[in-house]
Amino acid sequence: GGGGGGGAGGGAVGGASSPTTTPKKHRSKAKHPPLFSFANSQNAITETSANIERSLREENTQAYMQNSEALGDTYTNMGMRQRLLCQAASVNITGVFKPTMFFVEETAALLALGEAKTPSDGGDQGALNPLKHFAEMFVRQTFLPSVRQRLHSRIKTAEELCEKPAEYKLPSGRRVLLQSTWTVFQEVVYICSLMIDLPHFTHELLNVLLSFLTEYKGVCRHRYNLLVRTRGAEPSCIRKGPSVLSAEWLQVEQVHRLLRSSPAGQNAFPRQSHSAMSGLDEEFDRSVSEDDTLVDMLGPNQLVRSDIIVDSACLKSLAQVHSSLRWFSEQLASISQYLAERPAALGKIWSETKPMVEADEDMAVHEIQKRVDPAMVTRLQGLAEEYLKLTDICLMTLRLEVRCHCLYFLLPAVRKKHYVCDPEAVEADPQFVSLNKDLGAVEELLSPLLTPAYLEFVFGDLDGFLRTFLIRSMAFIETINEHGIKRLVRSIFSLQQSLGQVCKSDTDQLDSAKHYYELLAVLPEDVLRSIVADGPEFSEQEYHVVLGLINASQKVPDQVQLAETIQELGMLLKETV
């Protein structure tokens, strides 16, 4: 009965040709789970696990490939990669090297104590040698090459940053460095941190550091050469090479020594010891001043635009190179001192880069002290000194460049053959006005970059240089009229006021230059009376020039009278001496 009812229902739904019955073979049956299933087999479970592991391995491989370049890592072993606790990279050796060495040495000591054997006796301790050998060989053959590759890429980065100089402000906020210098210093810190992580390789790491610093020194020197290279196309009658005049003058040994021995130079370069200059005393003529030397080297020549650094960005970069490399050299000097005397003090230079393992620094300090090479530390100190010399070159170039700017603007004004002006010429000479603006712009540009002592060195004694230049330039004037004299005196006065604001000091030397040109407005007899009353202010040759120009500027020059006046001048000067 149950089967029939089921069949009728089935016919009504199915719409079969026989409306009354349905064959038994079409009756629904209860479903039972299969006795065997491939999905539940051990092979399927193994395959599924293998797929999961393969997927994880591919993900790890892809992530490693994306980050390996940033880590500077060239080591990989794709066939063995599994699900890892940390990303595989050769830099991981820095985290396990010291614990491994400590484990090996401590275990070897325990085994030697228990068996009454020394580590060289072999025995069970020999099983530890492969572990130590593997760690050392991995560092030497895999990790150190990756460090060299990383440093090579940082040198390329430093070169690019030098071409487009960017600034980095130290966390203290008291100093701004070139981005290239900060990038290189971070790598120096990184290598020092590796000495703590891998103290057994102190010698190798020091060698890497010295090579890296030598390369960067070449980059800085190349940068300086680019900054002082002439930009203009005008032919110069005084320059002999591709550099601006200030850089060429600095290569003259006499100028270099005069800059260092000047009062401003002794303040700017206090480390210059007396012993370093004592060997030069026999050849060094201290009776010759820096101002006279520069004016002598100038001779009767005029400067063209290509003789000076016109681009203010180059002047700023020179100051930045000086400031950054001076700080950098101080850091290198501190590091060399720490390595030679107190390796534990290396922690003072950590900033963002720190050793991987700092808990066992005592072991690292002991190993560094045992393995550091004094000759390499001396080389590091020498490199610090070479960087410091390059900063001195930048600073002395700036001092000479300021003087070259003065010559460039003033030469056309004070070395005219005939300085004859109209009564309407009551303002200062335009060339003096241009110099005043230029000096103010240079001082405004350099003051945020240089300390007061170094800024004093750049602009110091500038009034003395201008006095020498202006007085000796009178010899190039053949005739001058009353209005020309007034204009020159007025121009010197305006320069004196501007220089007082720039140098923030007295400019008494320009008073003397102004008085020298004022003598042109008096009679020769009055010149002699001033010597009798106040004593000689100028040399005999300088008085000869004044008297000669006074005579030449008269409507009817009298050479006989000039000769008598010069003879009387000589007698007066002998009496005053």
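The values are calculated or read from the model by the stated rules, or taken from the named source; none is laboratory data. Note that the structure is a prediction, hence the values are computed from the model and not measured. Glycine also receives a Cβ, built like all others from the backbone with ideal geometry; neighbour counts cover every protein chain displayed. In case anyone asks, the SASA skips ligands and DNA or RNA and just uses the protein heavy atoms, side chains included. Shrake-Rupley method; radii C 1.70, N 1.55, O 1.52, S 1.80 Å.
Quick one: in the range 539-569, of everything that is in a helix (DSSP H, G or I) and hydroxyl-bearing (Ser, Thr, Tyr), which residue is surrounded by the fewest Cβ atoms within 10 Å (Cβ to Cβ)? Filtering the range 539-569 for residues that are in a helix (DSSP H, G or I) and hydroxyl-bearing (Ser, Thr, Tyr), the one surrounded by the fewest Cβ atoms within 10 Å (Cβ to Cβ) comes out as THR565. Just one of the listed residues (THR507, THR565) is touching a residue at least 40 places away in the same chain (Cβ under 8 Å) and farther than 26 Å from LEU462 by Cβ, and it is THR565. Take the residues in the range 152-188 that are touching an Asp or Glu at 6+ places or on another chain (Cβ under 6 Å) and modelled with pLDDT of 90 or more; name whichever of them is surrounded by the fewest Cβ atoms within 10 Å (Cβ to Cβ). Filtering first and then ranking leaves ILE155.
Of all residues in the range 226-269, exactly one satisfies the criterion of being open to solvent by less than 40 Å² (accessible area, probe 1.4 Å), without any contact (Cβ under 8 Å) to a residue 60 or more places away in the chain and assigned to a loop (DSSP other than H, G, I, E, B), namely GLY241. The single residue among THR397, THR353 that is at pLDDT 95 or above and β-branched (Val, Ile, Thr) turns out to be THR397. Name the residue that is farthest from the chain's Cα centre (by Cα), counting only residues in the range 201-219 that are open to solvent by 10 Å² or more (accessible area, probe 1.4 Å) and closer than 30 Å to LEU315 by Cα. Taking the candidates together, the pick is SER211.
Here's the yes/no breakdown for (1) at pLDDT below 55; (2) in contact with a Leu (Cβ under 6 Å, 6 or more places away or on another chain):
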{"position": "GLN62", "(1), (2)": "no, no"}
{"position": "ASP73", "(1), (2)": "yes, no"}
{"position": "THR76", "(1), (2)": "yes, no"}
{"position": "SER90", "(1), (2)": "no, no"}
{"position": "VAL96", "(1), (2)": "no, no"}
{"position": "MET101", "(1), (2)": "no, no"}
{"position": "ASP124", "(1), (2)": "yes, yes"}
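Here is a check on your reading of the model: is LEU198 farther than 25 Å from LEU400 by Cβ, at pLDDT below 90, buried (at least 18 other Cβ atoms within 10 Å of the Cβ) and out of contact with any Lys or Arg (no Cβ under 7 Å at 6 or more places or on another chain)? So LEU198 fits the description; yes. The conditions of being over 46 Å from the mean Cα position of the chain (by Cα), over 23 Å from ASP463 (Cα atoms) and of a type in the set (Val, Ile, Thr) are not met by ILE485. Mind listing just one residue for me: the one in the range 496-508 that is out of contact with any Ser or Thr (no Cβ under 7 Å at 6 or more places or on another chain) and open to solvent by less than 80 Å² (accessible area, probe 1.4 Å) and, of those, nearest to ASN436 (Cα to Cα)? Top of the filtered list is SER498.
Candidates VAL147, VAL219: the one that is closer than 17 Å to SER90 by Cα, in a helix (DSSP H, G or I), β-branched (Val, Ile, Thr) and at pLDDT 90 or above is VAL147. Taking the criterion of being open to solvent by 20 Å² or more (accessible area, probe 1.4 Å) and touching a residue at least 24 places away in the same chain (Cβ under 8 Å), would at least one residue in the range 395-404 satisfy it? There is no residue in the range 395-404 that is open to solvent by 20 Å² or more (accessible area, probe 1.4 Å) and touching a residue at least 24 places away in the same chain (Cβ under 8 Å). From the list GLU482, GLU443, pick out the single residue that is more than 22 Å from VAL295 (Cα to Cα) and touching a helix residue (DSSP H, G or I) at 6+ places or on another chain (Cβ under 6 Å). On inspection, the qualifying residue turns out to be GLU443. If you scan the range 358-389, which residues turn out to be aliphatic (A, V, I, L, M) and either in a helix (DSSP H, G or I) or modelled with pLDDT under 85 (or both)? Correct list: ALA359, MET363, ALA364, VAL365, ILE368, ALA375, MET376, VAL377, LEU380, LEU383, ALA384, LEU388.
Per-residue answers, yes or no, for (1) of a type in the set (S, T, N, Q); (2) open to solvent by 10 Å² or more (accessible area, probe 1.4 Å); (3) assigned to a helix (DSSP H, G or I); (4) in contact with an Asp or Glu (Cβ under 9 Å, 6 or more places away or on another chain):
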residue: LEU303; (1), (2), (3), (4): no, yes, no, no
residue: ALA319; (1), (2), (3), (4): no, no, yes, no
residue: TRP327; (1), (2), (3), (4): no, yes, yes, no
residue: LEU339; (1), (2), (3), (4): no, no, yes, no
residue: ALA344; (1), (2), (3), (4): no, yes, yes, yes
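Figure legend. Inter-residue proximity from the range 178-205: first residues without any contact (Cβ under 8 Å) to a residue 24 or more places away in the chain, second residues in a helix (DSSP H, G or I) and open to solvent by 10 Å² or more (accessible area, probe 1.4 Å), beta-carbon distance below 7 Å, spacing 6+ or different chains. Indicated pairs: GLN179/LEU161. For LEU410, the conditions (1) buried (at least 17 other Cβ atoms within 10 Å of the Cβ); (2) of a type in the set (A, V, I, L, M); (3) part of a loop (DSSP other than H, G, I, E, B) are fulfilled apart from (3).
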